[in-house]
Amino acid sequence: MTTNQAPHESTEPHSPTGPAHAVARHRELFGTPPEGVWSAPGRANLIGEHTDYNDGFVMPLALPHATTVTGSRRADGLLRVHSRDIPGPTVEFVVDELAPRSAEGWAAYPAGVAWALREAGHAIGGADLYLESTVPTGAGLSSSAALEVSTALALNDLYELGLPPEVLARHAQRAENDFVGIPCGILDQMASACCTAEHVLHLDTRDLSRRQVPFDMAAEGLRLLVVDTQVKHALADGAYAERRAECEAGAAALDVPALRDIAHDQLDAALARLADPAVPPAVRRRVRHVVTENHRVERIVALLDAGRAREIGPVLTEGHASLRDDFEVSCPELDLAVSAATAAGALGARMTGGGFGGSAIVLVEADATDTTTKAVLAAFAERGHVPPRVFEAIPSAGARRLPLAG
Ligand code: ADP
Ligand code: MG
């Protein structure tokens, strides 16, 4: 055993079938062959957590797990969507009548993408879309962004819009923010749209400028593991909105447009300004997290550029402590994954994604994969937690069109 999940393997019903199966299913469902097939991955974030809504820096990698969509245009202005992974019938919309919050459930994500493109003035007509995904949902690995970005890419090609990936990512984010009603930042959609294999994406979320940083772990004798705790605590959504508000309060108290504008060497002075009794103590801690986290992104970029990938481990673990203690978005299961992995000799570990459940990442020497995985599983068993799913995070391709098989 290396990990307890093969890279492409996922629990039912999210098992892979491949484009050929999807093409056949599209034909069966909609009575017409698809014109194309597109794929957009889930992501893990190496470093830069809760920085994207502070105009800060992030560093995601695309996972081998992806959402595949087959699509064909319709002349009657209907959008029909079907997901293999959510039991239920095909969901139908009149494209002209799409409006924010008008749809419920999973179909709001693809419908929201069509709405966002039309809102931006793009001439999107009807379409039939069939979706399959191997991205675990609600595991902090961005199945929602994979769904949005694969849909955006399909509509972009079907209606020959010619939009670049960062613009599609913006429309996907708008779909999630304004149509579905979830106030996420741009990290997930940019990761899914713009990551490339064997690289991590160094992204400035203020202007979307970015660079692909080589991260070929196999060549370095390293592995990055994902530990999906399979828990999601109920307070996740409320706490996310609260953290955003606290960060905005911090920026306002410091007279800057966003916390990204506080450089690391200005942190002590900023914290001294926030010592005012009118500022809640939690705001100081949130500010400290965001400023140190942006700095951790820069430190990791410098280490990777210098060919010192092993040395990023302690920076990852430091990032976890900051999310746990200053940003307060971890939970016992994520803390356990990190402590068990590092105690077993991992180079570093941290929660990834929004927190309150979901996944952790663990950097290990390749030959320590086995012992680290076993140690994490044993620690979860000892506490009576649901066994986590552990798999390798191989930096994979971003969103793309696939050859039309079948
Ligand atoms: P995450 O993005 O971390 O996986 P979210 O809560 O943001 O978690 O998004 C999960 C939601 O996205 C699901 O509840 C569902 O509505 C939608 N979704 C994700 N994958 C699929 C899929 N394969 N088919 C249909 N809906 C999906
Ligand atoms: Mg999501």
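For 94, 69, 200, what ranking results if the residue with the fewest other Cβ atoms within 10 Å of its Cβ goes first? Write out the running numbers ahead of the final one.
Numbers: 94 11, 69 31, 200 28.
Ranked by crowding around the Cβ, least crowded first: 94, 200, 69.
Stokes-Einstein diffusion coefficient for segment 18-135 at 4 °C in a medium of 1.567 mPa s, Rh from the Kirkwood formula over Cα pairs: what value in µm²/s?
Numbers: Rh = 15.7 Å.
Taking Rh from Cα pairs, D becomes 83 µm²/s.
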> Computed over the Cα atoms of segment 18-214, what is the convex hull's projected area averaged over all directions, in nm²?
Replying inline: 10.2 nm²
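If you rank 303, 225 by fewest surrounding Cβ atoms within 10 Å, what's the result? Please list the in-between numbers first.
Details: 303 16, 225 26.
Lowest count first: 303, 225.
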>> Among 344, 358, 387, which residue has its Cα furthest toward the positive end of the charge dipole of segment 218-392, with +1 on Lys/Arg Cβ and -1 on Asp/Glu Cβ?
In response: 387
> How far, in degrees from 0 to 90, does helix 165-174 lean away from the longest principal axis of the Cα atoms of the chain, to the nearest 10?
Replying inline: 90 degrees
>> Using only DSSP helix segments of four residues or longer, with each worth -39500 (n - 2.57), what per-residue ellipticity at 222 nm results for the chain after dividing by its residue count and rounding to 500?
In response: -12000 deg cm²/dmol
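Over the alpha-carbon set of segment 285-398, divide Rg by the Kirkwood Rh and report the Rg/Rh ratio to two decimals. Mind showing how you got there, number by number?
On the way: Rg = 14.2 Å, Rh = 14.6 Å.
A ratio of 0.97.
Would you mind estimating how fast the chain diffuses translationally, via Stokes-Einstein at 37 °C and 0.692 mPa s with the Kirkwood radius over Cα pairs, in µm²/s? Don't jump to the answer; show the numbers that get you there.
Values: Rh = 21.5 Å.
Translational diffusion coefficient: 153 µm²/s.
If you average 1/r over all unlike Cα pairs in segment 204-318 and invert the result, what Kirkwood radius do you get in angstrom?
Values: mean 1/r = 0.0601 Å⁻¹.
By the Kirkwood definition, the hydrodynamic radius is 16.6 Å.
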> Projected onto the charge dipole of the chain (+1 at Lys/Arg Cβ, -1 at Asp/Glu Cβ, origin at the Cα centre), which of 267, 130, 313 gives the Cα projection farthest towards the positive end?
Replying inline: 130
> Among 144, 72, what is the fewest-to-most ranking by other Cβ atoms within 10 Å?
Replying inline: 72, 144
>> Report the Cα centroid-to-centroid distance between segment 269-332 and segment 114-190 in angstrom, as an integer.
In response: 30 Å
> What ranking do 346-354, 275-283 get when scored by the average of other Cβ atoms within 10 Å per residue, highest first?
Replying inline: 346-354, 275-283
> D for segment 251-330, whole µm²/s, Stokes-Einstein with Kirkwood Rh over alpha-carbon pairs at 4 °C and 1.567 mPa s: what number?
Replying inline: 96 µm²/s
> How far, in degrees from 0 to 90, does helix 236-253 lean away from the longest principal axis of the Cα atoms of the chain, to the nearest 10?
Replying inline: 60 degrees
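Can you give the charge dipole size of segment 18-214 about its Cα centre, rounded to the nearest 20 debye, using +1 on the beta carbon of Lys and Arg and -1 on the beta carbon of Asp and Glu? Before the final figure, lay out each step's value.
Details: 14 positive and 24 negative charges, 51 e Å.
Computed about the Cα centre, the dipole is about 240 debye.
Here, each number is a calculation from the coordinates, and none is a lab measurement. Just so we're clear, the structure is a prediction, and the values are computed from it rather than from any experiment. Virtual Cβ from ideal backbone geometry, glycine too; neighbours counted across all protein chains shown.
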